[in-house]
Amino acid sequence: MAGHSKWANIKHRKAAQDAKRGKIFTKLIRELTVAAKMGGGEPADNPRLRAAVDKALGANMTRDTIDRAIKRGAGGDDGGNMDEITYEGYGKGGVAVLVETMTDNVNRTVAEVRHAFTKFAGNLGTSGSVAFLFSKRGEIYFEPESVDEEKLMEVALEAGAEDVEEIDGGGFLVITNPDKQFGDVVDALREASLEFAEAEVTMHPSTEAEIDADTAETVQKMIDMLEDLDDVQNVYTNASWPAEEE
């Protein structure tokens with residue numbers, strides 16, 4: 001069990017996601033459709049689709065909406081002309097940024113992404129410039145006082161989780177391999193009636209960039225602009241957001 005000071009980061013990310021619920025649904029449906037087209041429509045045999053389904057359920061998307069998106073993708077009707085491209089760069093204060101996109105017009109997408117970086121004192125970099133700072137992993141987040149620590153550790157580790165981290169400020173984070181083990185652990189936690197707040201496959205930074213409140217405001221404006229772009233699926237940073245004043 002390792003202590004982990006990312007409570008401020010989690011609260012910050014969840015608040016931003018909650019404010020953009022409608023936009024998130026559009027992006028989740030696109031991911032479900034493309035994942036089903038590329039790897040088949042059965043989540044048990046398609047780890048990417050399984051992760052997309054869990055993320056959609058966590059965002060309170062209905063099962064009918066999820067199933068329709070999977071059916072479209074598995075039937076080959078959608079997602080056929082989408083290129084998946086990840087852009088890399090730095091924001092203000094040296095914050096590393098990864099931008100995952102799905103696009104049918106690469107020229108449009110790169111121009112829009114570059115504009116967002118430039119507008120808020122950032123720089124779009126070359127391929128590989130910051131990707132080495134991130135690794136893909138599954139994260140399952142439990143809110144403070146929502147779960148019994150001993151039971152959580154027993155169930156999660158038995159199901160194949162790599163670690164269970166206690167978060168400074170409250171809560172727990174279950175870390176898994178991003179592929180099959182992520183789905184296995186999610187299933188085991190549900191079967192044990194351990195209710196988590198969020199489960200997703202994400203890009204985790206190996207180091208965090210400490211930033212002050214003014215820099216954080218600028219970086220957040222850049223992230224907001226990027227996430228508002230239709231072609232952008234996910235934005236990841238290694239920013240360590242300053243804790244809110246009590």
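Kindly flag which residue pairs out of 23/92; 27/221; 136/221; 23/221; 37/221; 55/180 have an alpha-carbon separation exceeding 23 Å in this structure.
Pairs exceeding 23 Å: 23/92; 136/221; 37/221.
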**Asked** In nm², what is the average projected area of the convex hull enclosing the Cα atoms of the range 156-230?
**Response** 7.1 nm²
**Item:** Candidate aspartates and glutamates - alpha carbon under 17 Å from residue 71, same-chain residues fewer than 8 apart omitted
**Value:** 31, 42, 45, 54
**Asked** Which one of 102, 203, 38 has the biggest mean-square fluctuation once the chain is modelled by GNM with Cα springs under 10 Å?
**Response** 38
**Request:** Choose one answer from 148, 184, 224: the residue with the largest mean-square fluctuation in a GNM of the chain with alpha-carbon springs under 10 Å.
**Result:** 148
**Ellipsoid semi-axes in whole angstrom, largest first, where each is sqrt(5λ) of the Cα gyration tensor of the range 78-185** = 35, 19, 12
**Request:** Using only the alpha-carbon atoms of the range 194-246, report the extent along each of the three principal axes, biggest first, to the nearest angstrom.
**Result:** 35, 32, 25
**Message:** How big is the dipole moment of the chain about its Cα centre under a simple scheme where the beta carbon of each Lys and Arg is +1, that of each Asp and Glu is -1, and everything else is neutral? Debye, nearest 20, please.
**Reply:** 1180 debye
**Message:** Loop only by DSSP, 13 or fewer other Cβ within 10 Å of the Cβ. Give me the GluC sites (Glu not before Pro) in the range 125-155 that pass, ordered by residue number.
**Reply:** 145
**Asked** Ignoring ligands, DNA and RNA, how do 115, 204 rank by accessible area with a 1.4 Å probe, largest first?
**Response** 115, 204
**Request:** Take the Cα gyration tensor of the range 122-191, multiply each eigenvalue by 5, square-root it, and list the three semi-axes largest first, rounded to whole angstrom.
**Result:** 28, 16, 9
**Asked** If you roll a 1.4 Å probe over the heavy atoms of the protein chains, what accessible area per residue do you get for the chain, in Å²?
**Response** 50 Å²
**Length gained when the stretch residue 71-residue 111 is fully extended (0.36 nm per residue, less Cα-Cα span)** = 11.2 nm
**Asked** Going from most exposed to least, what order do 206, 240 have by accessible area with a 1.4 Å probe?
**Response** 206, 240
**Fill in**
By the Kirkwood definition, with r running over pairs of different Cα atoms, the chain has a hydrodynamic radius in Å of 18.8 Å
**Item:** Shape of the range 56-116, Cα gyration tensor, a/c cut at 1.5
**Value:** oblate
**Prompt:** Going out from 0 in 5 Å bins, what whole percent of all Cα-Cα distances in the range 113-240 drops into each bin?
**Reply:** 2, 10, 16, 19, 16, 13, 12, 8, 4, 1
**Prompt:** Who wins for biggest fluctuation among 151, 23, 37 in a Gaussian network model of the chain, springs between alpha carbons below 10 Å?
**Reply:** 151
**Portion, in percent, of the accessible area of the chain that falls on carbon or sulfur, probe 1.4 Å** = 46 percent
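The values are calculated or read from the model by the stated rules, or taken from the named source; none is laboratory data. As the structure is a computational prediction, the values presented were derived from the model and not from experiment. Here the Cβ is made from the backbone with ideal geometry for all residues, glycine too, and neighbour counts use every protein chain on show. Only protein heavy atoms, including side chains, enter the accessible area calculation; ligands, DNA and RNA are left aside. Shrake-Rupley method; radii C 1.70, N 1.55, O 1.52, S 1.80 Å.
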